[in-house]
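Engineer: Here's a structure for you.
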Amino acid sequence: MIDRATVDKIMDAARIVDVVGEFVTLKKSGVNYKGLCPFHDDRNPSFMVSPSKNICHCFVCGKGGTPASFLMEHEQITYPEALRWLAKKYNIEIVEKEMTDEEREAQSERESMFIVNEWAKDWFHKILLEDPDGKAIGLQYFRSRGIRDDIIEKFQLGYAPQRRDALSSTAIKKGYKSEFLVKTGLCFVSEKGKMNSEKFATAADGTAEANSSFTNHSSLIDRYSGRAIFPWFNVSGKVVAFGGRVLDSRTKGVAQKYVNSPDSEIYHKERELYGIYQAKKAIVKEDRVFMVEGYTDVIAMHQAGIENVVANSGTALSIYQIRMLHRFTNNITLLYDGDEAGIHAAMRGTDMLLEEGMNIKVLLLPDGDDPDSFARKHSTDELRKYIEEHQTDFITFKTRLTVQNVEDPVKRSEAIGGIVKSISVIPDQILRSTYLSDFAHRINMKEQPLIAEMNKYIRKGIEDKEKERERESRIEAQTGDNKASGATKVAPPAEPLTLHSPQEQATQVELMLVREIVRNGDKVIFNQVETEDGQTISLTVAEYIQFDLSQDGLSFAVPLHNQILAEAVAHIHDEGFEAGTYFCAHPDLQVSQLATRLSLDRHQLGGRFTVADTEISLRQRVLHLVMDFRLDIVETRLKEIQRQLQQVGSNVSRMMELLKEHKETKELRDALAKKLGSDLLV
């Protein structure tokens with residue numbers, strides 16, 4: 001457990017611009033900052049960060065919050081994990097009690113896997129630097145490739161001993177469970193171990209014995225034995241996976257030079273990029289990212305002084321990786337060797353990059369060189385100069401490669417069509433038109449036929465997306481039918497919290513009242529109010545709203561709103577209580593996100609001008625809203641009575657009851673409306 005004083009110290013130190021800036025490129029907008037939202041496919045900056053309020057918010061998907069709640073949502077971690085992340089960033093010491101076996105058992109699976117990976121990373125690194133074999137074999141390998149000690153430290157490179165159970169046996173002795181060694185992919189179960197498990201599972205008292213067999217580390221085999229280790233860090237610095245390379249002396253005839261972690265609960269290869277954690281600040285600073293193929297390419301570029309570089313490790317770029325990079329920059333240079341494989345790599349995923357609004361340049365290195373070898377041969381200045389002089393935009397690169405010097409009319413036509421198709425996916429109309437005009441000039445063609453061809457591709461793209469939407473709608477309808485018939489279906493992802501969903505039951509008046517509780521709940525609007533027993537009290541906004549509604553047993557339609565009101569009243573007299581700060585920093589993510597949203601206005605005056613609430617204007621507004629809320633309830637009841645009157649049929653006594661209630665309710669409605677029409681100065 002983290003004590004309250006430490007939590008307060010962390011929250012006081014955490015600055016929203018610093019935290020969000022770790023994951024999103026932010027640009028100044030008045031007194032605030034804006035960037036592309038990291039929670040949805042955002043092409044126009046809709047994510048606002050307010051330094052003065054110390055909160056962030058997306059005006060499209062609704063996500064955001066305080067530094068802690070932003071981390072909880074972005075990294076899918078718990079509140080304590082978010083606090084630890086912030087404490088590490090701001091060098092705040094957290095003293096926690098030793099966890100009991102029961103508490104350790106209660107750790108989430110994801111957290112346990114991260115803990116195991118972190119330990120393994122440190123163990124591999126220590127073996128490399130301190131173990132005799134690690135120094136003689138692993139460290140010698142890295143040094144033979146010219147990798148400096150500071151770069152070894154920066155990327156936490158390591159070495160796995162050749163003994164096939166070296167890691168697993170050490171981990172078991174340290175108290176780490178076999179289950180998580182297997183789930184992270186650090187180890188796998190041998191066939192003998194599997195057979196033992198099956199044998200024990202069929203025994204009369206098989207459960208205990210099967211578990212015993214599984215936890216017996218003798219059946220575990222280390223995945224990376226005898227390999228150089230490259231840890232994968234995600235964008236926030238957590239170890240999610242490992243790559244293991246057979247050393248140079250053993251690569252001849254080896255089918256798998258590299259062995260990588262399998263997909264797991266914490267690692268999906270298509271969602272991660274090697275080097276992103278070490279590169280993200282440089283990407284923002286340079287406003288460009290270099291994409292290379294392998295681990296050593298990334299490392300060599302860093303050693304040469306170019307740090308804004310990541311690798312997709314030989315796989316085609318995915319939409320997840322592109323969107324991750326797009327948070328930091330719009331500009332990407334594909335940097336590959338000049339052989340056939342390098343050309344193929346440069347061509348993969350480029351249409352997706354263009355469609356996501358990325359500006360692509362391509363640089364193929366001289367034949368026989370990859371980024372690793374080329375960087376080792378040149379100084380930083382030489383490397384930067386070569387890149388600057390030889391990188392070309394993607395359309396120029398593709399034109400030179402597929403169209404120029406092609407005489408066959410059919411092949412030339414197909415190549416032109418392929419380039420026009422690539423241009424058609426560019427979302428920016430002006431950029432699209434510019435590229436097409438430049439392309440027409442390069443191949444000495446009139447623009448009109450190219451425009452006609454491009455429009456065909458654009459129309460087809462629209463039609464394909466419409467068909468995809470229809471297909472998804474049919475699937476949703478089908479899964480709905482399956483649900484009705486009792487069939488099992490995969491639950492769809494949760495909808496983002498918005499003002500209208502899942503708050504559909506709440507009227508706008510209710511939301512406005514909750515906004516007053518969040519923004520001004522602790523402010524006094526009635527001074528020196530005399531109670532029935534002769535005492536004199538003051539009422540805050542939250543206390544008045546609760547008092548007024550409780551007179552007639554009224555409450556909000558949404559439970560979350562009732563929770564906010566109840567907590568505001570419960571803490572109103574706590575020393576230093578401020579409603580906005582309390583609810584925006586709430587450990588419940590739903591409360592925090594809603595409070596953040598209600599604390600912000602979409603259209604603000606740039607922070608230069610603010611209009612402070614006077615006590616009397618705040619009081620008038622709250623009184624008005626409370627009566628509006630009551631009026632909403634009365635009008636809803638009137639509609640329900642009218643509906644029942646239409647269905648009452650020949651039941652005369654019931655009709656008379658409803659007519660009487662309708663008359664009384666209408667009189668109440670008229671009285672409220674009349675009062676709302678007058679000045680409410682008190």
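The values are calculated or read from the model by the stated rules, or taken from the named source; none is laboratory data. Since this is a predicted model, take the numbers as computed values, not measurements. Here Cβ is always computed from backbone atoms with ideal geometry, including for glycine, and neighbour counts include all displayed protein chains. Just so you know, the surface numbers come from the protein's heavy atoms only, side chains and all, with ligands and any DNA or RNA stripped out. Shrake-Rupley method; radii C 1.70, N 1.55, O 1.52, S 1.80 Å.
Engineer: Please give, to one decimal in nm, the separation of the simple spin-label points placed at Ser437 and His662, each 7 Å out from Cα toward the Cβ.
Structural biologist: 6.9 nm
Engineer: Rounded to the nearest 0.05, what FRET efficiency is calculated for Phe577 and Tyr258 with R0 set to 35 Å and r the Cβ-Cβ distance? Intermediate results must be reported in sequence, preceding the final value.
Structural biologist: Working: r = 56 Å, r/R0 = 1.60.
In this case the efficiency is close to 0.05.
Engineer: Heavy atoms only, probe 1.4 Å: what % of the accessible area of segment 312-442 goes to carbon and sulfur, would you let me know? Provide the component values of the computation, followed by the final result.
Structural biologist: Working: 2870 of 6080 Å².
Carbon and sulfur: 47 percent of the exposed surface of segment 312-442.
Engineer: Can I ask one more? Give, in nm to one decimal, the length gained when the segment between Lys285 and Val31 is fully stretched (0.36 nm per residue of separation minus the Cα-Cα distance). Before the final figure, lay out each step's value.
Structural biologist: Numbers: separation 254, 0.36 × 254 = 91.44 nm, distance 2.09 nm.
Taking 0.36 nm per residue and subtracting the Cα distance, the gain is 89.3 nm.
Engineer: Considering only Leu36, Ala5, Val20, whose Cα is most displaced toward the positive end of the charge dipole of segment 1-71, charges sitting on Cβ of Lys, Arg (+1) and Asp, Glu (-1)?
Structural biologist: The Cα lying farthest towards the positive end belongs to Leu36.
Engineer: Please give the contour-minus-distance gain from His390 to Glu179: 0.36 nm per residue of separation, less the Cα-Cα distance, rounded to one decimal in nm. Mind showing how you got there, number by number?
Structural biologist: Working: separation 211, 0.36 × 211 = 75.96 nm, distance 5.03 nm.
Gain on extension, His390 to Glu179, equals 70.9 nm.
Engineer: Hey, another quick one. Tell me, what is a quarter of the convex hull surface for the C-alpha atoms of segment 315-461, in nm² with one decimal? Spell out each step's value before the answer.
Structural biologist: On the way: hull surface 39.7 nm².
One quarter of the hull surface, i.e. the mean projection, equals 9.9 nm².
Engineer: Once the Cβ-Cβ distance between His268 and Gln647 is put in as r, and R0 is 51 Å, what FRET efficiency do you end up with, to the nearest 0.05?
Structural biologist: Numbers: r = 55 Å, r/R0 = 1.07.
For His268 and Gln647, the calculated efficiency is 0.40.
Engineer: Which of Lys398/Lys421; Lys280/Lys377; Lys135/Lys183; Lys411/Lys446; Lys89/Lys154; Lys174/Lys257 have a Cα-Cα distance over 23 Å? Display every interim value, and only then the final one.
Structural biologist: On the way: Lys398/Lys421 12 Å; Lys280/Lys377 25 Å; Lys135/Lys183 29 Å; Lys411/Lys446 19 Å; Lys89/Lys154 17 Å; Lys174/Lys257 30 Å.
Those over the limit are Lys280/Lys377; Lys135/Lys183; Lys174/Lys257.
Engineer: Listed highest first by mean packing, meaning other Cβ atoms within 10 Å per residue, what order do 165-174, 540-549, 644-653, 25-34 come in? Before the final figure, lay out each step's value.
Structural biologist: Working: 165-174: 18.2, 540-549: 21.2, 644-653: 10.2, 25-34: 15.6.
Ranked by mean Cβ neighbours within 10 Å, highest first: 540-549, 165-174, 25-34, 644-653.
Engineer: Within 11 Å, Cβ to Cβ, of Tyr386, how many net charges do the neighbouring residues add up to if Lys/Arg are +1 and Asp/Glu are -1? Before the final figure, lay out each step's value.
Structural biologist: On the way: positive: Lys377, Arg384, Lys385; negative: Asp369, Asp381, Glu382, Glu388, Glu389.
Local net charge: -2.
Engineer: Percent relative contact order of segment 11-63, based on C-alpha pairs within less than 8 angstrom and at least six residues apart?
Structural biologist: Numbers: 74 pairs, mean separation 15.8, N = 53.
Over segment 11-63, the number comes to 30 percent.
Engineer: In the neighborhood of Lys135, defined by Cβ-to-Cβ distances under 13 Å, what is the net charge if each Lys or Arg adds +1 and each Asp or Glu adds -1? Intermediate values should be presented prior to the final figure.
Structural biologist: Details: positive: Lys126, Arg143; negative: Glu130, Asp131, Asp133, Asp149.
Net charge around Lys135: -2.
Engineer: Once you put a point 7 Å from the Cα of Ser144 and another 7 Å from the Cα of Lys411, both along the Cβ direction, what distance in nm separates them?
Structural biologist: Here the modelled spin labels are 4.2 nm apart.
Engineer: Report the net charge of residues surrounding Asp369, where surrounding means a beta-carbon distance below 12 angstrom and charges are Lys +1, Arg +1, Asp -1, Glu -1.
Structural biologist: Details: positive: Arg376, Lys377; negative: Asp297, Asp337, Asp339, Asp367, Asp370, Asp372.
That sum, taken over residues with Cβ under 12 Å, equals -4.
Engineer: Could you compute the FRET efficiency for Ser225 and Ile94, with r as their C-beta to C-beta distance and R0 at 35 Å, rounded to 0.05?
Structural biologist: On the way: r = 36 Å, r/R0 = 1.03.
Once rounded, the FRET efficiency stands at 0.45.
Engineer: In nm, to one decimal, how far is the modelled label at Val17 from the one at Ser538, with both set 7 Å along Cα→Cβ?
Structural biologist: For the pair Val17/Ser538, the computed spacing is 3.4 nm.
Engineer: Charges only on Cβ, +1 for Lys and Arg, -1 for Asp and Glu: so what's the dipole of segment 30-185 about the Cα centre, in debye to the nearest 20? List each step's numbers first, then the result.
Structural biologist: Numbers: 23 positive and 24 negative charges, 123 e Å.
That gives a dipole near 600 debye.
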